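The structure under discussion appears below in the form of structure tokens.
The values are calculated or read from the model by the stated rules, or taken from the named source; none is laboratory data. Small disclaimer: the values here were computed from a predicted structure and weren't measured. Note that each Cβ is placed from the backbone with ideal geometry, even for glycine, and that neighbours are counted across all protein chains shown.
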Amino acid sequence: MLFAFGRSLGRRGDLGMTSACVGALFVPMRIHHEELELRTKGKGLYEITDQVQAKIDVCGVRSGIVTVFVQHTSCSIVIMENADSTARDDLEEFFNRLVPEDADYFTHGSEGSDDMPSHIRMALTRTSETIPIAKGRMQLGTWQGIFLFEHRRAPHHRKLFVTIIGE
């Protein structure tokens with residue numbers, strides 16, 4: 001796949017340059033789709049940063065983006081503190097209080113009392129995250145990690161899709 005990048009410079013004063021047109025530059029972009037599977041042990045945050053970086057390493061993209069997407073409605077993907085586990089404990093406790101199980105106003109309960117709260121928790125977070133790649137490495141902050149946030153009590157088999165775009 002080819003992407004065209006071009007820039008038209010404005011009139012004198014816009015960028016201190018006279019009117020000109022820079023031709024299109026064609027940069028070949030590679031697109032890789034990978035799967036990542038994870039078995040959870042129930043509620044909690046499961047770090048997947050190293051597994052995602054390994055997918056980038058294998059495909060050889062040095063500059064681009066990676067998107068991690070989870071194909072479920074009762075878990076999510078978050079970027080969170082990865083150095084101090086108490087930050088993750090606090091996030092879990094916050095969601096337990098924000099969206100309690102067994103609330104008397106939930107009508108959807110065919111899969112258990114934790115199912116509807118898990119859907120709401122997923123809707124309040126995200127099912128995907130996109131991270132820039134430079135020099136072959138994800139550009140996460142010092143204490144940032146990518147986590148699958150499991151919202152169900154029971155163990156689950158989760159399927160994630162990793163899309164890597166770049167050169």
Determine the pairs where a residue that is at negative phi and surrounded by 13 or more Cβ atoms within 10 Å (Cβ to Cβ), located within the range 54-76, has a partner that is assigned to a helix (DSSP H, G or I) and hydrophobic (A, V, I, L, M, F, W, C) with Cβ atoms under 7 Å apart, the partner being 6 or more residues away or on another chain.
VAL66/VAL52; VAL66/ILE56; VAL68/VAL52; THR73/MET122; SER74/MET122; CYS75/MET122; SER76/MET122
Since GLY42 meets every condition but one in (1) surrounded by fewer than 11 Cβ atoms within 10 Å (Cβ to Cβ); (2) at pLDDT 95 or above; (3) more than 14 Å from the chain's Cα centre (by Cα); (4) not basic (Lys, Arg), which condition does it not meet?
(1)
Of the residues in the range 96-125, those that are assigned to a loop (DSSP other than H, G, I, E, B) and among the β-branched types (Val, Ile, Thr) come to VAL99, THR107, THR125
Pairs with Cβ under 9 Å, 6+ apart, first in the range 98-120 and small (Gly, Ala, Ser), second loosely packed, with under 11 Cβ neighbours inside 10 Å and assigned to a loop (DSSP other than H, G, I, E, B)
SER113/ASP102
Boolean, LYS159 is modelled with pLDDT of 95 or more, closer than 30 Å to PHE26 by Cα, outside any loop (DSSP other than H, G, I, E, B) and out of contact with any helix residue (DSSP H, G or I) (no Cβ under 6 Å at 6 or more places or on another chain)
no
Could you please find all residues in the range 126-149 being hydrophobic (A, V, I, L, M, F, W, C), part of a loop (DSSP other than H, G, I, E, B) and surrounded by fewer than 16 Cβ atoms within 10 Å (Cβ to Cβ)?
TRP143
